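Some notes on the structure that comes next.
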Amino acid sequence: MDRVRLMRGDITSLAVDAIVNAANTSLLGGGGVDGAIHRAAGPELLASCREIGGCAVGEAVITPGFRLPARFVIHTVGPIWRGGAQGEPELLASCYRRSLHLAIDRGLQSVAFPAISCGAYGYPIDAATAIAVREVRTVLDAEPLHVTFICFDPEVYRSYGDALAIDADDSPVCTKPSGAGTEEAS
């Protein structure tokens, strides 16, 4: 059974145990996927995030999904790209690891990730997707989770497809995407 899949679409529409939010440190909503998740979840999400009081870069916290089809939202704060010498790769890897471990600790079975740090934070897409696939593969080697990478942007989708195709050669949990033009690849 395939445990990693790649999709194009809107993360707020997924009925999974948890979706991951590419949040900012305040957790109070913003642009891109963060704003979309806050809008779809309703004002209860903002109230819950206010109670938490923020999240450091590379860390993750969890809230209920409120009005989303997903039961939970895992908020993680990716690094702003500053050239790669400021610890960005390790911070981005930490976002994926900590998000996955929060899901495991809650006994969740399915998690969907957007492309963390690839939008306004400027992380190079191919480098970011390679880190994402590597970190997910490492965790899935030991844990029975199902992970979806969901992409809104066609370039990000292509990059994940490439990273998964390379990774599929070495891993029983990552499979090569079928057709680059499909809505879902697994």
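Just so you know, all these numbers are worked out from the coordinates, no wet-lab data involved. These numbers come from a predicted model, not from an experiment. Backbone-built Cβ (ideal geometry, glycine too); neighbour counts: all protein chains shown.
When the P(r) is computed for the stretch 67-146, the part past 21 Å accounts for 28% of the Cα-Cα pairs. If you plug the beta carbon distance of A93 and D10 into 1/(1 + (r/R0)^6) with R0 = 25 Å, you get a FRET efficiency near 0.45.
Over the stretch 4-185, the Kirkwood radius and the radius of gyration, each from Cα atoms, give a ratio Rg/Rh of 0.93.
Remark: the stretch 4-185 carries a charge dipole of roughly 380 debye about the Cα centre, counting +1 on each Lys and Arg Cβ and -1 on each Asp and Glu Cβ. Applying 1/(1 + (r/R0)^6) with r as the Cβ-Cβ distance of A47 and A85 and R0 = 35 angstrom yields a FRET efficiency of 0.35. For the pair E143 and Q109, label points projected 7 Å from Cα toward Cβ lie 1.6 nm apart.
In this Cβ point-charge picture (+1 for Lys and Arg, -1 for Asp and Glu), the stretch 76-172 has a dipole of about 320 debye about its Cα centre. Among I52, I11, I37, the residue with the largest mean-square fluctuation in a Gaussian network model of the chain, with springs joining Cα atoms closer than 10 Å, is I52. Ellipticity at 222 nm from helices only: DSSP H runs of n ≥ 4 in the chain, each -39500 (n - 2.57), divided by the residue count, give -12000 deg cm²/dmol. Based on every Cα atom in the stretch 1-105, Rg and the maximum pairwise Cα distance Dmax equal 13.6, 39 Å. Rounded to the nearest 10 degrees, the angle from helix 43-52 to the longest Cα principal axis of the chain is 90 degrees. Magnitude of the charge dipole for the stretch 1-42, about its Cα centre and with charges confined to Cβ atoms of Lys, Arg (+1) and Asp, Glu (-1), is about 80 debye.
The residue list P89, A23, G161 was ranked by how far each Cα lies along the charge dipole of the stretch 4-185 toward its positive end, using unit charges on Cβ atoms, and A23 comes out on top. Quick check: the angle from helix 88-105's long axis to the longest principal axis of the chain, C-alpha only, nearest 10 degrees? Roughly 80 degrees between the two axes.
How much of the DSSP bridge set in the chain is antiparallel, in percent, rounded to the nearest 5?
On the way: 7 of 24 bridges.
So the antiparallel bridges amount to about 30 percent of the total.
Of all the options A127, A163, A93, the one that moves most in a Gaussian network model of the chain with Cα springs shorter than 10 angstrom is A127.
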